[in-house]
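Heads up: the structure comes next, in structure tokens.
The values are calculated or read from the model by the stated rules, or taken from the named source; none is laboratory data. Just so you know, these numbers come straight off a predicted model, no measurement behind them. Quick reminder, even Gly has a Cβ in these numbers, built from the backbone with ideal geometry, and neighbours come from all protein chains shown. Protein only, heavy atoms only, side chains kept; ligands, DNA and RNA dropped before computing areas. Shrake-Rupley method; radii C 1.70, N 1.55, O 1.52, S 1.80 Å.
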Amino acid sequence: MQALSFETLAAIANTHGTPVYVYDADKISQQFRQLKTAFQDSDTRFFYACKALTNINVLKHVAAIGCDIDCSSINEAKLALHVGVAPERVLYTSNGIHFSEIQEAVSLGINVNIDSLSNLEKFGAAYGHDYPVGIRLRPNIMAGGNLKISTGHDNSKFGIPIDQLDQILDLVKKYNLYIRGLHIHTGSEIKEVAVFMQVADVFSALLPHFPELAFLDMGGGFKVAYKDSDHITHIDELGAEIARFQKNLEAQYGKKFQCWFEPGKYLVSECGYLLSTVNVLKQSGNTVFAGIDTGLNHLIRPMMYDAYHRIENISNPDGALHAYTVTGNICETDTFGTNRKLHEVREGDVLAIYNAGAYGFEMSSNYNARYKPAEVLVLEGEAHLIRKRDEFADLLRNQIPVL
Ligand code: PLP
């Protein structure tokens, strides 16, 4: 599953202190290779959903291995351009944004998917047929690991509801819009290949309405493993299904449609570790709390999504196994794992929290006026500090004393 050894992680904790996020560039490359292999018989393009992790070194690495970049804000797009990714390789899949961001995206020359009738109308009035655009649709499909990460159902804010097709078509006609793509992202942690193929069916039904279509964007959401026993998305099977789907479309329409995907977790979840030191051990009835020097301010996924993250004691790998409830140091309940079997934990030991690459640092905050962690990238066997841990001045930055 994950590859960095305890020795490597311990050495990084020793050099850079804790809490620290560690990313393994090789693991990102390996995941991308797996995708390329799985989809080799299809015409597919991958855009890394960089909302998962935007450190500029990660963006650079992802772009260097041949993956394009998907963005969920104009600033993410600017970060991608900042590291030298060509505008044509950047995609902005918007949701609920002010039209000025779309204008900015157009001025930067990047690809855009629009997710509301309101912005589509403004886009038409401003650009007519001059700038190709994608439409983000809501297919009314329930999918994904849990409701919070499910985006395609009939109560979701994301995309233009598919039942408003007539209104979309009216706008397309009124402004002679150049609709080059359709986009559907049904959610995150989707195990079932069938869900993606359900989306393919929705696209198939829509194709006759959009004669200038060139790409069909199925979003991200491939499921990765958090535990050894976890089922993940069968990407080989999905790749084969997509190749078949494209062949059928070609036979039917005499033209090729490229499929786009926007993997976030698939590329960077397993590459990442959050290393944290045990501050205190506390016995409470049958529970032993291991209180660590991080919290939900650094990794919110367990509390926000009930996400399971594997935890290992990298300081005492041969110690006897005991049950611990691993908790953070924030003034809210911030439990990373309840009654986890860990090798004997002592105060001062370093614990590694796994699957911390995606939506880890990226969702971190300075809550409780604590510093955001440092970030380290392991590249060709060498550990590089890629973000300094915050310091006191960072807490004051942008504050304006008026008293
Ligand atoms: N694309 C879109 C539009 C998304 O909203 C998301 C996640 O929220 C992704 C891609 C990436 O999802 P994942 O990290 O599950 O692959």
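Scanning region 41-60 for residues that are away from the ligand (no atom under 14 Å from the Cβ) and either touching a residue at least 40 places away in the same chain (Cβ under 8 Å) or of a type in the set (A, V, I, L, M) (or both) yields Asp41, Ser42, Asp43, Thr44, Asn55, Ile56, Asn57, Leu59.
Cβ-Cβ contacts under 6 Å between residues 6 or more apart (or on different chains), taken from a first residue in region 61-75 that is open to solvent by less than 30 Å² (accessible area, probe 1.4 Å) to a second residue that is modelled with pLDDT of 95 or more and hydroxyl-bearing (Ser, Thr, Tyr), are listed as Val62/Tyr48; Cys67/Tyr48; Ile69/Tyr48; Cys71/Tyr92. Taking the listed residues Thr54, Thr37, the one that is β-branched (Val, Ile, Thr), surrounded by fewer than 22 Cβ atoms within 10 Å (Cβ to Cβ) and over 17 Å from the mean Cα position of the chain (by Cα) is Thr37, with no other qualifying.
Of the residues making up region 267-286, those that are open to solvent by less than 10 Å² (accessible area, probe 1.4 Å) and within 16 Å of the ligand (Cβ to nearest atom) are Leu267, Val268, Ser269, Cys271, Gly272.
Residues in region 301-323 that are in contact (Cβ under 8 Å) with a residue 40 or more places away in the chain, closer than 25 Å to Ala3 by Cβ and not acidic (Asp, Glu): Arg301, Tyr305, Ala307, Tyr308, His309, Arg310, Ile311, Ile314, Ser315, Pro317. So, of the residues in region 163-194 that are crowded, with 21+ Cβ neighbours inside 10 Å and either at pLDDT below 95 or in a loop (DSSP other than H, G, I, E, B) (or both), which turns out to be farthest from the ligand (Cβ to nearest atom)? Only one residue tops the list, namely Leu177.
What number of residues within region 120-154 satisfy the criterion of being surrounded by fewer than 21 Cβ atoms within 10 Å (Cβ to Cβ) and part of a helix (DSSP H, G or I)? The qualifying residues number 9. Among the residues of region 83-111, the ones that are open to solvent by 10 Å² or more (accessible area, probe 1.4 Å), within 16 Å of the ligand (Cβ to nearest atom) and farther than 19 Å from Gly220 by Cα come to 2 in all.
Scan region 241-255 for residues that are in a loop (DSSP other than H, G, I, E, B) and of a type in the set (S, T, N, Q) and the total you get is 0.
Since Thr233 meets every condition but one in (1) within 16 Å of the ligand (Cβ to nearest atom); (2) farther than 18 Å from Arg310 by Cβ; (3) at pLDDT 95 or above; (4) of a type outside the set (Phe, Trp, Tyr), which condition does it not meet? It is condition (3) that Thr233 fails.
Just the residues that are over 29 Å from the mean Cα position of the chain (by Cα) and in contact (Cβ under 8 Å) with a residue 24 or more places away in the chain, please, taken from region 156-215. Selection gives Gln167, Leu169, Leu171, Val172, Lys174, Tyr175, Asn176, Leu177, His209, Phe210, Glu212. Restricting region 231-242 to residues that are farther than 14 Å from Pro263 by Cβ and under 19 Å from the mean Cα position of the chain (by Cα), the residue that is surrounded by the most Cβ atoms within 10 Å (Cβ to Cβ) is His234. Considering region 1-30, the residues that are buried (at least 23 other Cβ atoms within 10 Å of the Cβ) and within 16 Å of the ligand (Cβ to nearest atom) include one that is farthest from Val90 (Cα to Cα), namely Tyr23.
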